[in-house]
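Values in this text are rule-based calculations from the coordinates and carry no lab data. Bear in mind that the values here come from a model prediction, so they are computed numbers and not experimental data. Ideal geometry is used to build each Cβ from the backbone, glycine not excepted, and the neighbour counts take in all protein chains shown.
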Amino acid sequence: MRFTDKVAVVIGGNSGIGLAAAKLFAQEGARVAIAGRDARKLEAAASEIGAGTLARQCDIARLEAIDAFMQAVKERFGRIDALVINAGVGTFAPVRQITPELWDQVHAVNLRGCFFAAQKALPLMQRGSAIVFTGSIGAVLGIPGNAVYAAAKAGLRAAARILATELVGEGIRVNVVSPGPTETPLLYRNQGMDDAAVEGLRRQMIANVPMHRMGEPEEVARAILFLASHEASFITGVDLFVDGGCVEL
Ligand SMILES: NC(=O)c1ccc[n+]([C@@H]2O[C@H](COP(=O)([O-])OP(=O)(O)OC[C@H]3O[C@@H](n4cnc5c(N)ncnc54)[C@H](OP(=O)(O)O)[C@@H]3O)[C@@H](O)[C@H]2O)c1
């Protein structure tokens with residue numbers, strides 16, 4: 001029960017890794033708020049997480065939507081102790097097929113939206129609170145077709161490190177959890193890939209993981225909760241790979 005009487009906010013909390021984290025926060029005593037774009041998934045997630053969950057539609061590509069979400073969190077809970085900025089969209093495209101529109105669309109969420117979500121949460125965060133971003137091992141690997149996504153996640157990793165430096169004096173810790181291939185709906189949301197192409201990608205990913213399997217959302221969520229908790233009180237500025245050994249081995 002590491003989060004008894006704490007407020008945990010998960011942006012991108014209605015699916016996959018974010019939903020797994022939101023459920024664990026609630027199980028450990030937190031009051032939980034989640035955000036995402038899909039109203040139906042938000043409603044379903046809120047009932048899975050438990051009574052009293054605040055679930056609000058918020059597209060972080062629209063900065064005024066982040067303001068409205070933070071206002072709702074302020075009105076309901078008054079503060080944030082654990083902020084998880086997990087929203088992300090995935091896409092694979094070879095270099096010659098990357099359009100400026102695709103670049104902007106992905107970066108508006110995975111980098112710009114995530115950064116401003118953190119900035120706009122700061123007025124609600126006190127000494128002892130923590131921010132965890134969900135990055136990706138893609139940020140540090142040369143995976144063909146991954147330029148748009150990897151560049152955004154690498155930018156997020158860099159921004160998180162600067163945030164950690166700027167906020168250390170205020171007692172706010174900032175860390176990144178970078179998943180390897182994880183069994184979530186993200187893989188099936190890749191633009192322009194049919195089911196057969198996704199299955200091929202999945203097989204290739206598993207072959208490249210030293211543990212020869214995909215991760216489960218809860219395995220990533222447990223690392224997020226660790227970094228958000230007092231157990232990680234002397235840890236800030238790290239990028240923790242949860243990837244079955246992809247980067248390290
Ligand atoms: N699964 C993997 O293999 C893997 C590997 C490395 C990194 N990651 C990262 O892990 C994080 C979670 O992804 P996941 O695998 O759990 O996939 P997921 O199930 O698709 O979850 C993505 C979450 O982000 C939210 N989201 C997307 N765009 C948003 C926007 N514009 N505004 C607000 N929320 C938004 C989604 O909700 P709505 O759709 O309702 O907006 C959903 O809650 C992402 O940052 C992803 O890049 C995943």
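For segment 167-215 versus segment 231-249, the inter-centroid distance based on Cα atoms is 15 Å.
Which shape class, rounded, prolate or oblate, goes with segment 103-156 when its Cα gyration tensor gives a ≥ b ≥ c as root eigenvalues, a/c under 1.5 marks rounded, and past that a/b bigger than b/c marks prolate? Since a/c reaches 1.5 but b/c is at least a/b, the shape of segment 103-156 is classed as oblate. Taking a Cβ cut-off of under 10 Å around Gly113, the surrounding Lys, Arg, Asp and Glu residues balance to a net charge of +1, with basic ones at +1 and acidic ones at -1.
Remark: segment 1-145 projects, on average over all directions, an area of 9.1 nm² (convex hull of Cα atoms). Sorting Phe241, Phe133 from the fewest to the most surrounding beta carbons within 10 angstrom yields Phe241, Phe133.
Contact order, relative form, for segment 119-249: 33 percent (alpha carbon pairs under 8 Å, 6 or more residues apart, mean separation divided by residue count). By other beta-carbon atoms within 10 Å, ranking Arg173, Arg31 with the fewest at the front produces Arg31, Arg173. Each peptide among 91-97, 176-182 gets the average number of other Cβ atoms lying within 10 Å of its residues, and from highest to lowest they stand as 176-182, 91-97.
Peptides 37-45, 213-221 ranked from most to least packed, by the mean per-residue count of other Cβ atoms within 10 Å: 213-221, 37-45.
Calculated [222 nm] ellipticity per residue, helices only, for the chain: -13000 deg cm²/dmol; basis is -39500 (n - 2.57) per DSSP H run with n ≥ 4, divided by all residues, nearest 500.
Two tests apply to each whole DSSP H helix in the chain, Cα reach of 27 Å or more along its axis and mean Kyte-Doolittle hydropathy of at least 0.0, and the ones passing both are 147-167. Neighbours of Met125 by Cβ distance under 11 Å: Lys/Arg scored +1, Asp/Glu scored -1, total +2. All other residues whose Cβ lies under 9 angstrom from that of Val73 are scored, Lys and Arg at +1 and Asp and Glu at -1, for a net of +3. Mind giving me the FRET efficiency for Glu64 and Ala39? R0 is 25 Å, r the Cβ-Cβ distance, nearest 0.05 is fine. Efficiency at R0 = 25 Å is approximately 0.90.
Close amide-amide hydrogen proximity is noted between Ala33 and Ala8, Val9, Val10, Leu54, each under 5 Å apart and 5 or more residues distant or on a separate chain (H modeled in the peptide plane; Pro and chain starts excluded).
Proximity of backbone amide H atoms, modeled 1.01 Å from N, is registered between Phe241 and Ser178 at under 5 Å, excluding neighbours fewer than 5 places apart on the same chain. Averaging Cα coordinates gives a centre for segment 45-67 and one for segment 76-126; these two points are 14 Å apart.
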